[in-house]
Structures are given as C-alpha cells and as structure tokens.
Amino acid sequence: MKDTYESPLNSRYASKEMQYLFSPNKKFTTWRKLWVALAESEMELGLDIKQEQIDEMREHIEDINYDVAEKREKEVRHDVMSHVYAYGVECPKAKPIIHLGATSCYVGDNTDIIIMTEAMELIHKRLLNVILALTDFAEKYKALPTLGFTHFQPAQPVTVGKRATLWIQDLLMDLECVEEELAKAKLLGSKGTTGTQASFLELFSGDHEKCRMLDKKIAEKMGYKDTFRVSGQTYPRKLDYRMLAILSGIAQSAFKFSNDIRLLQHLKQVEEPFEKKQIGSSAMAYKRNPMRSERISSLARYVICDSINPAITAATQWFERTLDDSANKRISVPEAFLAVDAILCLYQNVASGLVVYPKVIEKQFMQEIPFMATENIMMDAVKRGGDRQELHEKIRTYSMEAARKVKEFGEENNLLELIANDSEFGTTLEELRSIMKPENYVGRSKEQVEEFIEEVVKPILEKSKAEIGEEVEINV
C-alpha cells in the first residue's frame, strides 16, 4: 500500500533488528509471556491455578489472534482488556485466571522496560562495532601528520589517527553510560492499580511475604534480578528520560563526527565512502556530497530534540498516574531508539570506508607549516643570543605580511624568506627549510594513539568480543 503514511525510520533508516523490537509481535508476545509468568508465580505461591492452564497459555504465546483483539478493542476501547479477551478465546481453560489481580500497566509497563532494555543491548553492540572501525582507522593513520584546527582555523598539527581517538573517546563515554544503565535494569513487577499491591494482598489472604515473592518470581522468570521497590501504577517515567538522555549523548557524539567528516571532505582531505554508481547531485554530476554524514547529522538533531519529550512527561505526571504520557511515549521512545540505531549503522559504514588523501593533507600542511614553525624558530634564535620579545614582534609582523600576500594576492607563503633575510634570527633559508618536516610538529600524537588504543580501547573490545565484527547494511 502506497497511500498511507509510513515512517522513514522503518522504510529507509533503522535496521530490521531494531524494527522488530518495537513491532506489535514483540510487544504482544511479551504481554503473553508476562501473563504466563504471573499465573505461574501465583500458582507456585498457592493460588488455585492448574498446570494445564499454564501449559495452554504457553502454547499460544506466539499465535496472536489479532483480528479478535482488534474487533474487541473497537467495542471496549481498551487495548489490554482486548488482548486479555483474545488470549482467553485461544485459551478457554486458562481464561478465568489470565491477568489475575493485575492492572494494565503490569503488561504495558513491564513490556516497555523489556523492549527498551533489549534495544539498549542492541545499541551497545552497535557502539562497539563503530569503536572497532574507528580503532582500525586510528591505528592505520596514527603517524600521518595533518593540520589541527581550533575555531576551524589552522592550529598546531596533530595526526589523522590522533583526531580519530577523539571520536572514539566520545563513544567510550556513551558506552559507559549504556553499560551502567543495563546493569541497573529492573522491572516494574506486579504492583497493582496504585502501586500498593492491594489486589494481590487480597488474593494471598493478607500474606505480605507472598506479595513480595510474587514480584521476585516474575522478575526472575522474565530474566531480571530486581523490580522497583515502590511505584505508583507505572514505573517512574524518569526511566524513559534516562534512556533517551543516553541516546541523545550518542547522537551528540555521532553529530560531532559527521560534522568533522563533512568539513574534511570540503577540504578534500578525507571522504566518506562513495559507490561507483552513486549520484552526488541531480544537477552537478561531478559532485561527491557527504550524504551519509549529513544523514547522521540530520537524525542526530532529531534525537537530541526528541529527548526533551520524556523529560516533560516525567515532570508532569500526577500522583500515582495520569495517561498523558501514553500517546507521547508510544512515539518518542521507539523513534529515539530507531533513529540512534540508524545513526550507528551509518556511523559504522562511514568509519569503515573512510578514504584519506595524504597528498592533499601534505600540500595543505606545507602551506601553513611556516606559521607553525615560528615558535621553534624563535626559540632557536633566542639560544643564539636574540631577544625573545623583539623576535616575537618581528615574527608577528612578518606573519601578518605573509598572510596578507596569500589572502589578498594569492601568492605563496614567503614567511621563511622574510625571516631568513632578517639577520637578527641568524639563520639561512636552507636551514629553515630543512626543519619544515611535518612529523616534527605533531608532539606525542602517534604515541598517544598507541597508548590510548592499547591501554583503554583494546581491553574494552576484548571484554565484549562476542558482540563485534558484524557488518551493517544501509538502505539508501
């Protein structure tokens, strides 16, 4: 069907893995797994529930009768009760005990947590693979000198690999946040309509310990170690904000990388991958636009803005619950995960295929290196008896003059000639040219790359090696 809106996050950007996590099948099969966990736990704690009822429910976790649920929802206007009804149609023996003692948030909120947690695990894997790609790039170009830039003005030289470590370091900070959040993952549990477990206390004839054990058993059956100890009807909506704040952080890191690549591509120093039959412009056939990096920037901006949604939702919840969170979080949370998934797939694709042009880098470097070398030239002149303050002023004056000729007249940089012709510096043009080697001005760039990768990055990649090495596919 092409006459109905479809999200570009599905049709163009996000991976099939992430799309599945936020699909109806994932959602409603998880609801049924939670109903099985509830019934089984209640049976184990002494309620009159039979194993054959549990078995019947297990048999129908996957074959969801959507038509029945959809028809019922039109009548009762309640999604959870519609699916309770549909499940009961398939499980007549278990029908009387499905959803026993629970409120809608039992399946809705616990499922949301499970899906967000699994989505964050996929994001963890994506991050590791981007870090691996950038690490390979940094190692390959750890010693290739290039101009540094501050304020996008030529500054003290670095190496291409050293610059890549800055991108990696941002992602390592994001990875740490992801791991911290996953380590704290917990379910809502079975708390009832206002979080007091009153309905379960009634079912268990006033046995408080069984109410506590119910929470614990459900969590364990669903693969979690703990639940929120207290809640209203819902899990704290600050959890959604925490999740999206992490995704916003990843988007910020990717945005920074993509902007750097776009600037480098303008300088013709580094380019993102460009396929043989790819078209850069509908009008200008020669163009090689950085469209993948631009898409990263575009999606990242969306995620950063989207992260405000759960912040406002968390701030405006009333007492034990309101429903003004529901419509918003159905959109804002999935879309943030889908967008970051797309961003990281693009990031890995670009990082794995970056093309570097050393000759262009060297040419642009050599145009600026006389300015970069002035501090060393001045220090050598001072060693020969010169006055530091006077020499500094001379270099400032000569630098302005050389820069003016380059900018206004398009001439070559003649700073070295101006310095060599001044006897106060006590050097010749040949001597000055002999020290114009790019590698002399990059400081510890190469060593920093080696130390960072060996001491920081590789231990992290080794710890998670089962998650790395995966190829990604981008649609357009």
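The values are calculated or read from the model by the stated rules, or taken from the named source; none is laboratory data. In this text, all values refer to a predicted model and were calculated from it rather than measured experimentally. Heads up, the Cβs are rebuilt from the backbone with ideal geometry, glycines too, and the neighbour counts pull from every protein chain shown.
Quick one: A138 ticks every box in (1) assigned to a helix (DSSP H, G or I); (2) in contact with a Gly (Cβ under 7 Å, 6 or more places away or on another chain); (3) surrounded by fewer than 19 Cβ atoms within 10 Å (Cβ to Cβ) bar one, so which box is it?
Evaluating A138 over (1) assigned to a helix (DSSP H, G or I); (2) in contact with a Gly (Cβ under 7 Å, 6 or more places away or on another chain); (3) surrounded by fewer than 19 Cβ atoms within 10 Å (Cβ to Cβ) leaves (3) as the failure.
Regarding K71, is this residue free of Cβ contacts under 8 Å to residues at least 40 places away in the same chain, more than 26 Å from V178 (Cα to Cα) and not in a loop (DSSP other than H, G, I, E, B)?
Considered against the rule, which asks whether it is free of Cβ contacts under 8 Å to residues at least 40 places away in the same chain, more than 26 Å from V178 (Cα to Cα) and not in a loop (DSSP other than H, G, I, E, B), K71 comes out as yes.
When you scan segment 355-370, how many residues do you find that are of a type in the set (F, W, Y), at pLDDT below 95 and farther than 14 Å from N440 by Cβ?
Residues meeting the conditions: 0.
Which condition does N129 not pass, out of (1) surrounded by fewer than 21 Cβ atoms within 10 Å (Cβ to Cβ); (2) within 30 Å of K458 (Cβ to Cβ); (3) touching a residue at least 40 places away in the same chain (Cβ under 8 Å), if it passes all the others?
N129 satisfies all of (1) surrounded by fewer than 21 Cβ atoms within 10 Å (Cβ to Cβ); (2) within 30 Å of K458 (Cβ to Cβ); (3) touching a residue at least 40 places away in the same chain (Cβ under 8 Å) except (1).
Go through segment 1-31 and give me each residue that's of a type in the set (G, A, S) and part of a helix (DSSP H, G or I).
S11
So L247 fits all but one of (1) under 17 Å from the mean Cα position of the chain (by Cα); (2) more than 30 Å from G443 (Cα to Cα); (3) without any contact (Cβ under 8 Å) to a residue 12 or more places away in the chain; what number is the exception?
(3)
Output the number of the condition that N328 fails; it satisfies all remaining conditions of (1) free of Cβ contacts under 8 Å to residues at least 60 places away in the same chain; (2) in a loop (DSSP other than H, G, I, E, B).
(2)
For every residue, the table says whether it meets (1) more than 17 Å from N110 (Cβ to Cβ); (2) in contact (Cβ under 8 Å) with a residue 12 or more places away in the chain; (3) surrounded by 21 or more Cβ atoms within 10 Å (Cβ to Cβ); (4) of a type outside the set (V, I, T).
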| position | (1), (2), (3), (4) |
| --- | --- |
| T4 | yes, no, no, no |
| N10 | yes, yes, no, yes |
| M18 | yes, yes, yes, yes |
| R32 | no, yes, yes, yes |
| L38 | no, yes, yes, yes |
| L47 | yes, yes, no, yes |
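Can you report the number of residues in segment 142-161 which are outside any strand (DSSP E or B) and surrounded by fewer than 23 Cβ atoms within 10 Å (Cβ to Cβ)?
Selection size over segment 142-161: 5.
Looking at (1) modelled with pLDDT of 90 or more; (2) of a type in the set (S, T, Y); (3) more than 42 Å from the chain's Cα centre (by Cα), which is the only condition S464 fails?
The one condition S464 does not meet is (3).
Anything in segment 82-99 that is under 21 Å from S199 (Cα atoms), in contact (Cβ under 8 Å) with a residue 40 or more places away in the chain and more than 39 Å from the chain's Cα centre (by Cα)? List them, or say none.
If the condition is that a residue be under 21 Å from S199 (Cα atoms), in contact (Cβ under 8 Å) with a residue 40 or more places away in the chain and more than 39 Å from the chain's Cα centre (by Cα), then A94, I97 are the ones that fit.
Looking at (1) within 30 Å of P290 (Cβ to Cβ); (2) hydrophobic (A, V, I, L, M, F, W, C); (3) not in a helix (DSSP H, G or I), find the lone condition where A339 falls short.
In the conditions (1) within 30 Å of P290 (Cβ to Cβ); (2) hydrophobic (A, V, I, L, M, F, W, C); (3) not in a helix (DSSP H, G or I), A339 misses (3) alone.
Would you mind stating whether K225 is more than 30 Å from L299 (Cα to Cα), part of a helix (DSSP H, G or I) and not aliphatic (A, V, I, L, M)?
Here the answer is no, as K225 does not meet what is asked.
Given the criterion of a type in the set (V, I, T), surrounded by fewer than 15 Cβ atoms within 10 Å (Cβ to Cβ) and in a helix (DSSP H, G or I), identify the matching residue among V89, V84.
None of the other options fit; the residue is V89.
From the residues in segment 414-439 that are in contact (Cβ under 8 Å) with a residue 40 or more places away in the chain and within 17 Å of P145 (Cβ to Cβ), which one is surrounded by the fewest Cβ atoms within 10 Å (Cβ to Cβ)?
This residue is E439.
Kindly evaluate V382 against the criterion of being without any contact (Cβ under 8 Å) to a residue 40 or more places away in the chain, at negative phi and among the β-branched types (V, I, T).
yes
Any chance you could count how many residues in segment 457-476 are in a loop (DSSP other than H, G, I, E, B), farther than 20 Å from F137 by Cα and free of Cβ contacts under 8 Å to residues at least 12 places away in the same chain?
The total comes to 0.
Answer yes if at least one residue in segment 242-265 is surrounded by fewer than 19 Cβ atoms within 10 Å (Cβ to Cβ), outside any helix (DSSP H, G or I) and either in contact with a strand residue (DSSP E or B) (Cβ under 7 Å, 6 or more places away or on another chain) or modelled with pLDDT of 95 or more (or both), and no otherwise.
So far as segment 242-265 goes, no, none of its residues is surrounded by fewer than 19 Cβ atoms within 10 Å (Cβ to Cβ), outside any helix (DSSP H, G or I) and either in contact with a strand residue (DSSP E or B) (Cβ under 7 Å, 6 or more places away or on another chain) or modelled with pLDDT of 95 or more (or both).
Counting just the residues of segment 288-325 that are in a helix (DSSP H, G or I) and among the β-branched types (V, I, T), which one comes out surrounded by the most Cβ atoms within 10 Å (Cβ to Cβ)?
This residue is I296.
Residues of segment 192-222 being under 35 Å from the mean Cα position of the chain (by Cα), part of a loop (DSSP other than H, G, I, E, B) and closer than 17 Å to A39 by Cβ, which ones?
G192, M222
So which residues in segment 173-217 are surrounded by fewer than 21 Cβ atoms within 10 Å (Cβ to Cβ) and touching a strand residue (DSSP E or B) at 6+ places or on another chain (Cβ under 8 Å)?
Matches in segment 173-217: K186, K216.
Specify which of the listed residues (D79, D112) is over 28 Å from the mean Cα position of the chain (by Cα), of a type outside the set (S, T, Y) and closer than 25 Å to I331 by Cα.
D79
Give the residues of segment 152-161 that are over 20 Å from M436 (Cβ atoms) and modelled with pLDDT of 95 or more, sorted by residue number.
G161
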